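J.: Dumping the structure here so I can ask a few things about it.
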Amino acid sequence: MSFRFLRAALRLWLAAAIITTAQVAHAQPADEAPEEDQPAELDADGMDPLAATLTPKQRSEYILYKTFTDAQWQGFVSDLAADRAACERGDLQACVDAGDAYATGEGVWLVPAIAEILYQQACDGKLGAGCSAMVRLGDDTFLDWPVDRRSYLRKACDFGDLDGCASYAALLAESGDPADAEQAEALVARACEAGGGDACDMRAQALEGSEQPAERLKAAELREFACEHGSLGACESLLAALEGSDKPDQTRLALLMDRICDLGDEQRCSELAMHAWDGKGIAPDPERAIRYAERACAMHSRFCSGPASMREVLRARAPCDAGDMAACAALGTALADRFSPALDQDAATALLEKACRAGLVQACNDIAIAAGLFITTERQMELLRFGCQSGGREACFRLGVKLAGNGWDDRSDPDAAAALFIPLCDTGYPGACAAESELVGVAAAARVLPADMNALPPLMQGPQAAKDLPEICFTASERFRGKLYSQENCSRAEKGIGSARARPGAAPWQALIWRPAKFGNLAPAGLERVHCGGSLIAQGWILTAAHCLKDNGFDIAKAGHQVRLGVFNPLGNEGVSYPILKVIPHPNFGKLAPNQFGFDIALVQYDAAKGRVGRDGIPSTRRRPIAAIALDPIPVERRKIVAGTPVYVFGWGVRSEQDGSATDYLQILKIELASQAVCDATTGFKGALGGSAVCAGRKGRQACYGDSGGPLVSYPLGGAPPVLLGVVSAGLKCGETDRVSQYTRVAKVRAWIAQNVPGVR
């Protein structure tokens, strides 16, 4: 689906008589409308519209997947300002430090072109560290041109960068040329004698396998020297040797661990915290362990629960031993933290069970954490059952996950799992509705949601959120030495965008209006049966386009059309199919602007009690998830439409207007919002129609025939749940022009939806 849409003669998949409604859906009347500017056009400050709405700190956080405190960020900003000023005064090391900021995005927008300028300046000034930095920049694939690593490393070595000499020697040694190998050996020797830690470690590695005792002794001395001069590898080797000795020197061990954490990364500091906590090779030292854990936290936020859990273990152990059940519960929870060196699953389970039996419901919930989600044992199942029976909803949910099974576990019981998920779904427990909808039984599939839409839990929480969230990209700029440098940075590699196959289950709200095998004189087959898309908004209700309610003159509520949910490949007998009860077009559709698709939106009620579960392709106990999407909660007058904001369209529409070829897998397309002014000029909507549509597109990218009625989705920044902004309505020639297409705006008709759909407000 290249998502292009409407009004040209095309060779569609259906008989000529059928080409009127779902396909003709996308007509754009405003031939006189102005051409759309590039949605992501930069402003005078070199920012795209989306980037301009964010602070520099926010932009970097979204791209780097880090969280900075205001103090941390301000410290980065201040350091960069000082380094830039010093660089301008001729301090070449300050140039490298400033370049590092532009290469990492800490304290400034990540702009490799500026980092390259600063590194090159230092290298041209014969500072070896600048030449080495150029190699790092190239190795990180930031540059559009390949870096001549050999040339820059040779310069780094010539200009006194001892670690650069070691890297250059390693490069020479890999060439296989005897002359290069001889030069490499000489370089390593000179660099080591000059105090290069990495070079000395290389010499130590070459000597430690010698049969000569004097050379092995020399290797040990070199390794000590290398560690003192910043070689992480040398320090690691010394620590391993010391830990393996019969009576390790405790003071020496502690010093080495400190050194390794200082030189290493968050993972190494976390490992050392575990060593210090457990007493591996060193006497147990909780305070030292906490210091290492805090350093790991400072480097990466995923380790930040560790220090707090460790302190809780120290605090709660004594009162728990004295019989304080609340303390035992806190101790058990702390011991269950998988990012804490204090992790002790068995002890955590015993303590939480004890507190749960004493009546502490939170301990019953936390049993689920200690019991583990992916390891199934009889004991853990017993604990989850007990926690669930004692009132722990988390325990009930995790027990349900285990009972749902993965097809290989003989303990699986999908019916029992569904029985657990149903009450959790009714009370709004996160993930329960989607989990329920995957399980066996039409009754479970028909329920989908709690009656109160406000109780619907966020759809994209937990460990899947990062994977499910589409790519975020910004184009922002930094001014450097009187010139503006623009750089687009993306938070992740784009997958499944640009009319590509969606990830199965990524759009659990996606509905398909499916033609019957025969209606009137028409007999559509295969993908010819794709009529329109839609969005599940509540149990028994989907939102679609009003023009989709008719199919070649037939009323879809009477002709045998069905609503299908949980579908990825419509040609497969998958998902759940429901008969249509009634349709409700918006009362203003076709009245205020008959030829302009004003208020092109409608409700379709399906019979949730009469769903038919597809059995082919996917085991009946593991269907695709089905869940509603939240309606845009911000009123039209308060929602600022920012041009360039990424939005996403889903559907099974045709791939191109020319050949009418459809797609047999759900597609996802990334496009960009146009400004409201451009949209109003394009649609011609005024007066009562004002604000009833949003417009979006990118050159060559639009929805097309068969996508009508489908969702226009926004993924708010910061990982908030997706919201339904609009419904696919009308466009011109399936995107073959640069003109944006129109989507009926959901926020404009929220009151009308609430009047007709119970529980939606």
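The values are calculated or read from the model by the stated rules, or taken from the named source; none is laboratory data. Just so we're clear, the structure is a prediction, and the values are computed from it rather than from any experiment. As a convention, Cβ positions derive from the backbone with ideal geometry for all residues, glycine included, and neighbour counts pool all protein chains shown.
So that you can scan it fast, the table gives a plain yes or no per residue for (1) without any contact (Cβ under 8 Å) to a residue 24 or more places away in the chain; (2) more than 19 Å from SER486 (Cα to Cα); (3) buried (at least 18 other Cβ atoms within 10 Å of the Cβ):
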{"site": "GLN72", "(1), (2), (3)": "yes, yes, no"}
{"site": "ASP83", "(1), (2), (3)": "yes, yes, yes"}
{"site": "TYR102", "(1), (2), (3)": "no, no, yes"}
{"site": "ILE114", "(1), (2), (3)": "no, no, yes"}
{"site": "LEU118", "(1), (2), (3)": "no, no, yes"}
{"site": "ALA122", "(1), (2), (3)": "no, yes, yes"}
{"site": "GLY125", "(1), (2), (3)": "no, yes, no"}
{"site": "SER132", "(1), (2), (3)": "no, yes, yes"}
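J.: Restricting attention to the stretch 178-214, which residues are in contact with a helix residue (DSSP H, G or I) (Cβ under 9 Å, 6 or more places away or on another chain), at pLDDT below 85 and not in a helix (DSSP H, G or I)?
T.: Residues satisfying the conditions are GLU208, GLY209, SER210.
J.: Which of the following residues is assigned to a loop (DSSP other than H, G, I, E, B) and more than 36 Å from the chain's Cα centre (by Cα): PRO587, PRO570?
T.: Details: PRO570 fails: more than 36 Å from the chain's Cα centre (by Cα).
When all the criteria are applied, what remains is PRO587.
J.: Considering each residue of the stretch 687-714, count those that are part of a loop (DSSP other than H, G, I, E, B), buried (at least 20 other Cβ atoms within 10 Å of the Cβ) and modelled with pLDDT under 80, and give that number.
T.: Applying the first criterion (part of a loop (DSSP other than H, G, I, E, B)) to the stretch 687-714 yields 690-692, 699-700, 702-710.
Cutting the leftovers down to buried (at least 20 other Cβ atoms within 10 Å of the Cβ) gives us 692, 702-710.
Of the ones still in play, those that are also modelled with pLDDT under 80 are 702-707.
Final tally of qualifying residues: 6.
J.: Same structure, new question: What do you reckon, is ALA98 closer than 23 Å to GLU61 by Cα, modelled with pLDDT of 95 or more and either in contact with a Lys or Arg (Cβ under 9 Å, 6 or more places away or on another chain) or not assigned by TED's automatic domain parsing to the domain that holds LEU187 (or both)? Quick ask: steps written out before the conclusion?
T.: Numbers: closer than 23 Å to GLU61 by Cα: yes; modelled with pLDDT of 95 or more: yes; either in contact with a Lys or Arg (Cβ under 9 Å, 6 or more places away or on another chain) or not assigned by TED's automatic domain parsing to the domain that holds LEU187 (or both): yes.
Answer is yes for this residue.
J.: Also: I'm trying to understand the selection: among the residues of the stretch 255-269, which are over 25 Å from ALA191 (Cα atoms) and out of contact with any helix residue (DSSP H, G or I) (no Cβ under 7 Å at 6 or more places or on another chain)?
T.: Once the filter is applied, which keeps residues that are over 25 Å from ALA191 (Cα atoms) and out of contact with any helix residue (DSSP H, G or I) (no Cβ under 7 Å at 6 or more places or on another chain), the stretch 255-269 yields LEU255, ASP258, GLN267.
J.: How many residues, within the stretch 47-70, are more than 18 Å from ALA674 (Cα to Cα) and either loosely packed, with under 15 Cβ neighbours inside 10 Å or not aliphatic (A, V, I, L, M) (or both)?
T.: Count: 14.
J.: Return the pair list, or none, for Cβ contacts closer than 7 Å from residues in the stretch 613-633 that are more than 18 Å from VAL563 (Cβ to Cβ) to residues that are modelled with pLDDT of 55 or more and small (Gly, Ala, Ser), at least 6 apart or on different chains.
T.: From the stretch 613-633, the pairs are ASP616/GLY572; GLY617/GLY572; ASP632/ALA747.
J.: Out of GLU271, GLU266, GLU236, GLU228, report the one residue that is farther than 25 Å from GLY306 by Cα and either touching a residue at least 12 places away in the same chain (Cβ under 8 Å) or outside the structural domain of ASP201 (by TED's automatic domain parsing) (or both).
T.: GLU228
J.: Among (1) within 30 Å of the chain's Cα centre (by Cα); (2) surrounded by fewer than 24 Cβ atoms within 10 Å (Cβ to Cβ), there is one condition CYS532 misses while meeting the rest; what is its number?
T.: (2)
J.: Taking the stretch 544-581 on its own, how many of its residues are of a type in the set (Phe, Trp, Tyr) and buried (at least 19 other Cβ atoms within 10 Å of the Cβ)? If you could, list the steps in order and put the result at the bottom.
T.: First pass over the stretch 544-581, keeping only residues of a type in the set (Phe, Trp, Tyr): 554, 568, 578.
Adding the requirement that they be buried (at least 19 other Cβ atoms within 10 Å of the Cβ) leaves 568, 578.
Residues meeting the conditions: 2.
J.: Right, something else. How many residues are assigned to a strand (DSSP E or B) and within 17 Å of ASP707 (Cβ to Cβ) when one looks only at the stretch 505-549?
T.: First pass over the stretch 505-549, keeping only residues assigned to a strand (DSSP E or B): 510-514, 519, 522, 530-538, 541-544.
Those left that are additionally within 17 Å of ASP707 (Cβ to Cβ): 510-514, 530-536, 542-544.
Looking only at that region, the number is 15.
J.: Out of (1) part of a helix (DSSP H, G or I); (2) within 30 Å of GLN487 (Cα to Cα); (3) modelled with pLDDT under 85; (4) not hydroxyl-bearing (Ser, Thr, Tyr), the odd one out for PRO146 is which?
T.: (1)
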